[in-house]
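Worksheet: one structure, shown below.
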Amino acid sequence: MIFVTVGSRNYPFSRLFKKLDALYEDGTLSEPMFAQIGTSIYKPKNYKYKEFISPDEFSEKIKMTDIVVTHGASGSIMKALNAGKKVIAVTRLEKYGEHINDHQIQNNEAFSSNKYVLMADLELDDLGECFKKIYNGTDGLVPWENKDPLAIVKIIDKFIQENW
């Protein structure tokens with residue numbers, strides 16, 4: 001199963017859900033999916049969804065799934081990684097009204113550069129390829145080991161210092 005989560009902030013991410021529907025329609029995706037779509041206006045046609053879910057339901061969905069698709073929120077990414085799931089990170093962009101700024105680019109790039117997640121390109125054009133890499137076992141991801149409670153802060157800080 002695939003679990004998609006975009007958080008509870010008051011910003012839609014309809015272009016992600018349209019893209020996921022297109023991936024079902026072109027045959028890239030066929031396995032069951034559940035999406036937490038937040039305030040997105042677009043309603044998925046090819047998979048189950050709810051606008052919002054409780055923290056307990058979120059934890060249950062993480063347990064049940066193989067792949068988590070999440071926006072660039074560190075908390076959502078970390079919950080999926082701590083559960084040992086494959087993660088595809090998608091980035092909300094300010095220019096589409098999906099967030100107040102583009103800070104998710106830095107979060108996703110930091111996780112991706114360390115090979116903890118696959119990061120879809122900013123326009124989501126390669127989202128299908130991200131799924132194919134996971135299905136084919138060519139994703140190159142390394143398991144996350146949370147030995148240091150501040151590890152993620154250090155990773156993101158290091159990435160920002162080296163790249164921005």
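The values are calculated or read from the model by the stated rules, or taken from the named source; none is laboratory data. The model shown is predicted, which means the values in this text are computed figures rather than measured ones. Glycine gets a Cβ as well: all are built from the backbone with ideal geometry, and neighbour counts include every protein chain shown. Quick note on the areas: whole protein, heavy atoms, side chains included, nothing else; ligands and nucleic acids left out. Shrake-Rupley method; radii C 1.70, N 1.55, O 1.52, S 1.80 Å.
Computed values, structure above
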read-out	value
Test set (1) among the aromatic types (Phe, Trp, Tyr); (2) open to solvent by less than 40 Å² (accessible area, probe 1.4 Å); (3) closer than 24 Å to Met78 by Cα - Tyr11 fails condition number	(2)
Elements of type strands (runs of 3 or more DSSP E) in the range 23-123, at least 2 residues being buried (at least 16 other Cβ atoms within 10 Å of the Cβ)	33-36, 67-70, 86-89
